[in-house]
Every structure is written in C-alpha cells, then in structure tokens.
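Q: Below you'll find the structure I mean.
Where a number appears in this text, it was derived from the coordinates with a stated rule and is not lab data. What you are looking at is a predicted structure, and each value in this text was computed from that prediction instead of being measured. Here the Cβ positions follow ideal geometry from the backbone for every residue, glycine too, while neighbour counts run over all protein chains shown.
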C-alpha cells in the first residue's frame, strides 16, 4: 500500500508538469526593446531563492530548493519534491523625450526532484525559459512632400530549456588536531569534505517571430509587411561541481559540528550546435472596412530554410562562507561570476535572419546574503524563515558603437515554511535598470517580482523497508 501511494503521488506530479509545459513554452514575456536583437533577453539562472540573492547560484545548495544552474548541488537535496516558479514585473521604458510602461507576468519555471533519503544520488527534471523576445514600437518618417510612412516593429517568442539532470556526492576526511577531551574517543574528530559532481542534459527549443510593418499614409501605395520566423532545437550539456568543508567546528555532546563552512561551486556549459529553421514572408496589404489588415499579395516567400545555430559555452564560478550557530542561526555570504562569449555565436542560413546584431561577450557578477535566525525546526515561524539580499551587474551581449548595454539590480527575498511540512513558499523582488539614454539609446527601469513553491510530500518516498 505504501508503494502504491507513492506511485500515485509521483504520477500526479508528472501530470502537473506535463500540463504546465504548454504554459511555460507559450510564456508571455516582458516587453523590452532590446529583445529585438540576438536571441532576445537572456534569462537570469536560478529560482526565487537565488533571485533574492542577486542571482547567486554556483556556491549555494539548499535541501529544499532545486538549483538547476549548478547540477552539482542536486545531491544536497533531502527528498523528492516539486518546484513551481512564477515571475511578474513593471517596466518603464524611456528615452530623453518619451516614456512608456508595461506590466506582465508568466510561469517561469517547473522542477521535479527524485531523491531517496540519505542516498548519494539525486535526479531532477525541469522546464524554464532560456531567452525571451517581446517588443513593439514604431516611428514615423516623411518620404516626400506628399507621403508619410509609419513603421511598426514587433516581435514575440523565445527559447525554452528542458532539463534532465543527475549528481552524486562523495565524502572524504582529513584529521584535525584534538584539543577537546570530550571528543577524544569520537571518531568524528575528522574534518569532512563534501564534494558533489553533477551533469545536466538540456534540450533547447523554441521560435522567434519578428514583424516589420510599413504603412504609407496620404497615398495610394500598397503597404508592406515582412514576417520572419526562426526555429531552433538541440541539446546543451552542463557539468557542475559543488564543494563544502568545515573551516571551524565545535564539540557538542561528543560530536564535532560545523561552525564555519566554506562553499564553492563551478559550472561549465559546453558549446552547442543546434538545428535551425527559417521562414520569411513579404506581403502587400491594405486596411479593410473594419480597419483591420487585409493581405493583398505575396511579394516573396522563403520557406523551411535549414541551417545550424552555434551557441557559445558558459563558465560560472563562485564561493561562499556559511556561519552556523545554535543561538544566532545561519548566515551565508557569497559571490558568483558568470561569463559567456557571444562573439562565438553563429547562425548559418542561406538567408540572413538578422539575429546576430552586435553580439559581444556577456558577464554577470552577483553578490548575495542569506540569514536564517534558527536552524531548529521547533522554533516559531519568524525564526524559521530565511531572509535574503543581493545585487548583480550584468554586461549583456549587446553593444552599440562604444556603448555597452548593462543591467544593474538590487534584490531581496524571503522563504516562509509551511506549518508541519518541509514545504516552503518563496518571495523575491528586484529593482534595476537596463540600458541608458546616452547616445540616443533607451533605458528600461524595472521592478520584477518572483514567487515560488517548494512542495515536499509529507510521507517519505522511495523508502526501502527491511521487513514486510
């Protein structure tokens, strides 16, 4: 009966993920003029907990949060769990003379982890956005004394990433000098070094649609519209490692317990070669009696051109210090660095799809802080909550002339445990800017919110009984 119940719960979670797959892959993205270029805006890795720490992902592992950004952390999960994340925000776009506002939201991530209690192995699966394209803006030009033209540019879509991952933990020891007679006879005088190695097999898929609409006003000319679609799919592999060691320990009832820990993480994403497919249609059109666009003729059509899309590899490294105390709880302070050289990006098609404009190397530096007032499950709610602060600086892959497009943001978040379970509710928010109004460019001021759930079943799954 115990086994049947576990199978039913597992089936229910898999059904939830399948139903939500369409929601994530058909996501509603945030409006950004800069998503017109390249593959759109690249999503910051991590879930709500990492979001609240400025995107700190490589050197942190949580027993109840799936960290897809570093597959080496999976082994530190305690048990099987389901993870759901949603994101929303407000974006103010402005130049030196004009401004506009956009509000949007979407389901931004799904995850499922399989972990047998006390096992060194863990397995995960998940779905999240990789890049997002969503923009709409226009301009007017005077072609001659009698003809004005209104140009409208719009785009939507993006790429999504589905993940299957696994990791295994290793533990080895070095001996400490014994200065506490209470622990003389305890074999745990040894310093424990924890190392976990993990790998992700990611499947990248999605499409990007771009439309250019020209409306010739005050004239009898036919208007024109160009619509292009770029499809891409293929595999990306990540190799990650996470290491933790106690720098200081104390003796408690004959056992050595960690007091100060060093945590370090590193991830390498390999170069990938994706399949690409491209469609492009040029049309002549006019307004019908209802004011709607009515196609009149096809000027040209490019159908199902095939080629290759090469994505550059990515490197992430980070380190954190964790201080643990029975009286003051747990404090984590870490730094993370990510680099991806988009100069190596290449889209090979018979026709120029216009996605490789001004791509450059991208860098992200993150600093994060987490405080848990208590490490005991028997304390009150506020002492069992986790509080987070963070900041990040991202040099994006876009550069116009000598002007680099930079994102800067500060963030905060907290985790609220659900009573009588290991499940948690996560909240995060960040305020930042993207771009600048210098050199005639556009600046975007944004406030983003993220919420998430880490749902852990009350009963233990995959528990092997010694006796029937």
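Q: Helix-derived [θ] at 222 nm for the chain: sum -39500 (n - 2.57) over DSSP H runs of at least 4, divide by residue count, nearest 500?
A: Working: 3 runs with 32 residues, N = 468.
Helix-only estimate at 222 nm: -2000 deg cm²/dmol.
Q: Packing-wise, with mean Cβ within 10 Å as the measure, how do 276-282, 418-424 rank, highest first? Spell out each step's value before the answer.
A: Numbers: 276-282: 18.7, 418-424: 14.4.
So the peptides 276-282, 418-424, ranked by packing, come out 276-282, 418-424.
Q: May I pose another question? Indicate the gyration tensor shape class of the stretch 194-237 (rounded, prolate or oblate), computed on the Cα atoms with a ≥ b ≥ c the square roots of the eigenvalues: a/c under 1.5 is rounded; otherwise a/b larger than b/c is prolate and the rest oblate.
A: Taking the square roots of the gyration eigenvalues as a ≥ b ≥ c, the stretch 194-237 is prolate.
Q: Further question on the same structure: Need the full-extension length gain, residue 387 to residue 101, defined as separation in residues times 0.36 nm minus the C-alpha distance. One decimal, nm. Write out the running numbers ahead of the final one.
A: Details: separation 286, 0.36 × 286 = 102.96 nm, distance 3.02 nm.
Gain on extension, residue 387 to residue 101, equals 99.9 nm.
Q: Next up: Relative contact order of the stretch 208-278, please, whole-number percent, based on alpha carbon pairs below 8 angstrom and at least 6 residues apart. Please report the intermediate quantities before stating the final value.
A: Details: 109 pairs, mean separation 23.2, N = 71.
Averaging sequence separation for qualifying contacts and normalising by length gives 33 percent for the stretch 208-278.
Q: So, one more: State, as an integer percentage, the relative contact order of the stretch 2-455 based on alpha-carbon contacts under 8 Å between residues 6 or more apart. Walk me through the numbers before you get to the answer.
A: Numbers: 1341 pairs, mean separation 76.6, N = 454.
17 percent.
Q: May I pose another question? Take every Cα-Cα distance within the stretch 2-455, group them into 10 Å bins from 0 onward, and report for each bin the whole-number percent of pairs it holds.
A: The percentages, shortest bin first, are 4, 18, 28, 23, 14, 8, 4, 1, 1, 0.
Q: Say a paramagnetic label sat at a point 7 Å from the Cα of residue 310, along Cα to Cβ; which residues of the stretch 332-366 have their backbone N under 19 Å from it?
A: Only 340-362 pass the distance filter.
Q: Equivalent ellipsoid semi-axes for the stretch 62-102, as square roots of 5 times the alpha carbon gyration tensor eigenvalues: give them largest first, rounded to whole Å. Each step should come with its number before you reach the end.
A: Details: eigenvalues 319, 28, 6 Å².
Semi-axes, largest first: 40, 12, 6 Å.
Q: In degrees from 0 to 90, rounded to the nearest 10, what is the angle of the helix 2-25 Cα long axis to the longest principal axis of the chain?
A: It is inclined by approximately 30 degrees.
Q: Could you calculate the FRET efficiency of residue 402 with residue 376 from 1/(1 + (r/R0)^6), where r is the beta carbon distance between them and R0 is 56 Å, rounded to 0.05?
A: Values: r = 55 Å, r/R0 = 0.98.
Result of the calculation: an efficiency of 0.55.
Q: What does the highest-first list of 429-442, 53-66 look like by mean Cβ count within 10 Å?
A: Details: 429-442: 16.1, 53-66: 25.6.
Highest-to-lowest ranking by the protection proxy: 53-66, 429-442.
Q: Please find the FRET efficiency linking residue 257 to residue 205, where r is the Cβ-Cβ separation and R0 is fixed at 56 Å, and quote it to the nearest 0.05. Please list the in-between numbers first.
A: Details: r = 46 Å, r/R0 = 0.83.
Computed FRET efficiency for residue 257 and residue 205: 0.75.
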